[in-house]
Amino acid sequence: METIVYLVLIGLAAGFLGGMVGIGGGVLIVPALVLLLGLSQHQSQGISLAMMIFPVGVLGVINYYKKGYVDFRYAGLLAVGFFVGSYIGSKFSLSLPQELVKKIFAVVMILLAIKLLFSGKK
């Protein structure tokens, strides 16, 4: 149950940020799956692509799936959260001044980069 909650929340956050500043998949979902759920980088990339399968990720998903790195249950739950989050994030973003949205985007990117840079297996 905890995993399901995490997946939906990651999807919501990615959808919100996707709707708000145009980021989500590789920038939020992949690091969140690695850091919060302990999945491998390859699993996380495969699941992220599967979530966005049509039409963007079909060929990439096939390759990850053949190697056993795609869990369609995870991808489906992320997609549900992403669907709702993207609507909410886009509405929120459109209510803010463009310069503020640019700054939010930059801060999110910096924080994620720092987290990934200093997060290693312990």
message: Please identify the DSSP H helices in the chain that span no less than 20 Å along the helix axis (Cα) and have a mean Kyte-Doolittle hydropathy of 0.0 or more.
response: 2-21, 72-94, 98-118
Rounded Å value of the spacing that divides the Cα centres of region 8-76 and region 83-122: 16 Å
query: Hey, what did region 2-118 get for relative contact order, percent, Cα under 8 Å, at least 6 apart?
result: 40 percent
- prompt: Cα gyration tensor of region 39-122, axes a ≥ b ≥ c as square roots of the eigenvalues: rounded (a/c below 1.5), prolate (a/b > b/c) or oblate?
  reply: oblate
- request: Return the calculated 222 nm mean residue ellipticity for the chain, to the nearest 500 deg cm²/dmol, obtained by summing -39500 (n - 2.57) across DSSP H runs with n ≥ 4 and dividing by the residue count.
  value: -25000 deg cm²/dmol
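Read-outs throughout are calculated quantities, based only on the coordinates presented, and are distinct from any laboratory measurement. Fair warning: this is a prediction, and the values are worked out from it, not measured in the lab.
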